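Notes follow once the structure below has been shown.
What follows is calculated from the coordinates using simple rules that are stated; it is not laboratory data. Bear in mind the structure is a predicted one, so any value in this text is a computation, not a measurement. No Cβ is skipped: glycine too gets one built from the backbone with ideal geometry, and neighbour counts run over all protein chains shown.
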Amino acid sequence: MPTNIVPIPANEMDRILNLYEFDIDYSNLESTFKDLTRLAAKISGTDISLVNLIDSYTQWSVSNFGLDIDQMAREDSVCQYTILEDDHFEVEDLSIDTRFQDKSYVANPLNLRYYFGVPLKTNTGHNIGALCVLDKGQKKLTPEKIELLKIIAKEIITRLNTIKVIEDLKNRLLAEKETSKKVAHDIRGPLAGIIGVSEIIQDQGNDSKLADILEMVNLIHTSGKSVLDLADEILTEKRISKPLKEDDFNLLVLKEKLLKLYTPQAKYKDINFTVHINETNETIGFSKNKLLQIIGNLISNALKFTTEKGNVGVDLDLQTIEDQKYLNIAVTDDGVGMSDESIDRILNGTNTSSDGTVGEKGYGFGLVMVKHLIDGLKGKLEISSIEGKGTKFEVKIPQY
């Protein structure tokens, strides 16, 4: 295959959608697969083993053995070819393969030569990444070892599915809790009105002929007050300060994750990357559902189209409008900018990819996926840009 052709799966859009359904935090899975990466290296007899997930821009090494690596540009990876395969992909000598011989991992100090990868195929048949093993020496795996690596690859998918089920349950429980709060809020007004009327009747109803009516009103008042207190208790619960759990999200946690995930990409291109948050709201919890996928794609896109010494900034805030909480996200760059036609194509979901400022390859669907995810969360996306001066993406996502 010629080196200038980008390998893209035929079902790339569906593949990316399937990956995003797992809503993966790429910075938080090392312990989940640590035993499997070690086992894969032992079975294959190689120095290195990696679990890689591949999105529109980046290969994320969510677990590693023998090589301390977190991420790599997708166009530089070997696993981008593995996700094209149904069974496996093998390169016996990377140094003589024109697709890889000029890559940094083939040169000193790594001097990698052998690669074997098994696609991570989901239940819907999409390859969202690869389990791979690498070595400095040339090798040839036996059929028995290959079968064992495939078993490990299936176990990786099983664990990802388990994580997804747990997260889906958490989101459903959170939605149920928010629904109960909304119900409490909705019934509070009418109940307060009933109690108010009953108090007026009590004050004016001293005539003994109204004794029976007053007794009924007293019952209404007592019952209504009890339910009103319950509604107040439910509504007040969200204002009680609670310790942040390990997997809870707030602006501080989100900022730290974004800096950890995308600072390496910015440093590689010598771009100034910053994340700012509204410190007043920094500890308020909110749902992390699809946030890393949405913001991550916007940041990767901004880095791709910003030149050396340029700037990419992220601003995060929480806003409450008429009892509805919104997460506001702004990603700004001073890169090459976009035409009005390009903006329209993104907002209409028909955008196509293009190469970055230093030749980064375009795999398409990145911004199309962002629009799809935002729509799925009932959010809004606005884009403003001046060609040659930069672009600003603004996202508003309701928090239920």
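Of note:
- For the residues S63, S56, S95, the requirement of being under 26 Å from the mean Cα position of the chain (by Cα) and outside any loop (DSSP other than H, G, I, E, B) singles out S63.
- Qualifying residue in region 9-32 (condition: in contact with a strand residue (DSSP E or B) (Cβ under 7 Å, 6 or more places away or on another chain) and aromatic (F, W, Y)): yes
- Residue match in region 131-147 (condition: farther than 17 Å from D47 by Cα, part of a helix (DSSP H, G or I), in contact with a Phe, Trp or Tyr (Cβ under 8 Å, 6 or more places away or on another chain) and among the acidic types (D, E)): no
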